[in-house]
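Peer 1: Before we start, here is the structure in question, set down as structure tokens.
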Amino acid sequence: QVQLVESGGGLVQAGGSLRLSCAASGTISSIYGAGWYRQAPGKQRELVAQISTSGTTNYADSVKGRFTISRDNAKSTVYLQMGSLKPEDTAVYYCNAAILSASVGGLSDYWGQGTQVTVSS
């Protein structure tokens, strides 16, 4: 069984920083593309940042220059460093990854349970 577990969310004042972590556990052969998404109340889930196997990154316009996505393949972990946070960044943040697992029998798409980020003004 493969799982993604997010951590690092919380309450922060506007202008502050947080680092989210997404750790994959289970019988993992490789983690391919990964990304962070967020969903604010009453809104659709939206892409925040993506990182490819080779480390190529892509960001939503709303977070460019403020957020950085990175990965540590040895730890099977993806990070989202968030800075200059704004109240509009308040949302539940979800980790997503394409993971190759021998126990599951192939490449599958996984989601974490989400972590709440609240930015106060």
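Peer 1: Can you tell me which residue in region 86-97 is surrounded by the most Cβ atoms within 10 Å (Cβ to Cβ), limited to those that are of a type in the set (A, V, I, L, M, F, W, C) and closer than 16 Å to Ser25 by Cβ?
Peer 2: Cys95
Peer 1: Pairs needed: first member in region 73-84, over 12 Å from Gly8 (Cα atoms); second member anywhere, of a type in the set (Ser, Thr, Tyr) and modelled with pLDDT of 95 or more; C-beta distance under 6 Å; at least 6 residues apart or different chains.
Peer 2: Correct list of pairs: Thr77/Ser21; Gly83/Ser17.
Peer 1: Here's another thing I want to ask about it. Which one is modelled with the lowest pLDDT among residues in region 98-115 that are under 19 Å from Ser52 (Cβ atoms) and open to solvent by 20 Å² or more (accessible area, probe 1.4 Å)?
Peer 2: Among those residues, the one meeting the criterion is Leu107.
The values are calculated or read from the model by the stated rules, or taken from the named source; none is laboratory data. Worth saying up front: this structure is predicted, and the values here are computed from it rather than measured. For neighbour counting, all protein chains shown are included, and Cβ atoms are generated from backbone atoms with ideal geometry for every residue, glycine included. Protein only, heavy atoms only, side chains kept; ligands, DNA and RNA dropped before computing areas. Shrake-Rupley method; radii C 1.70, N 1.55, O 1.52, S 1.80 Å.
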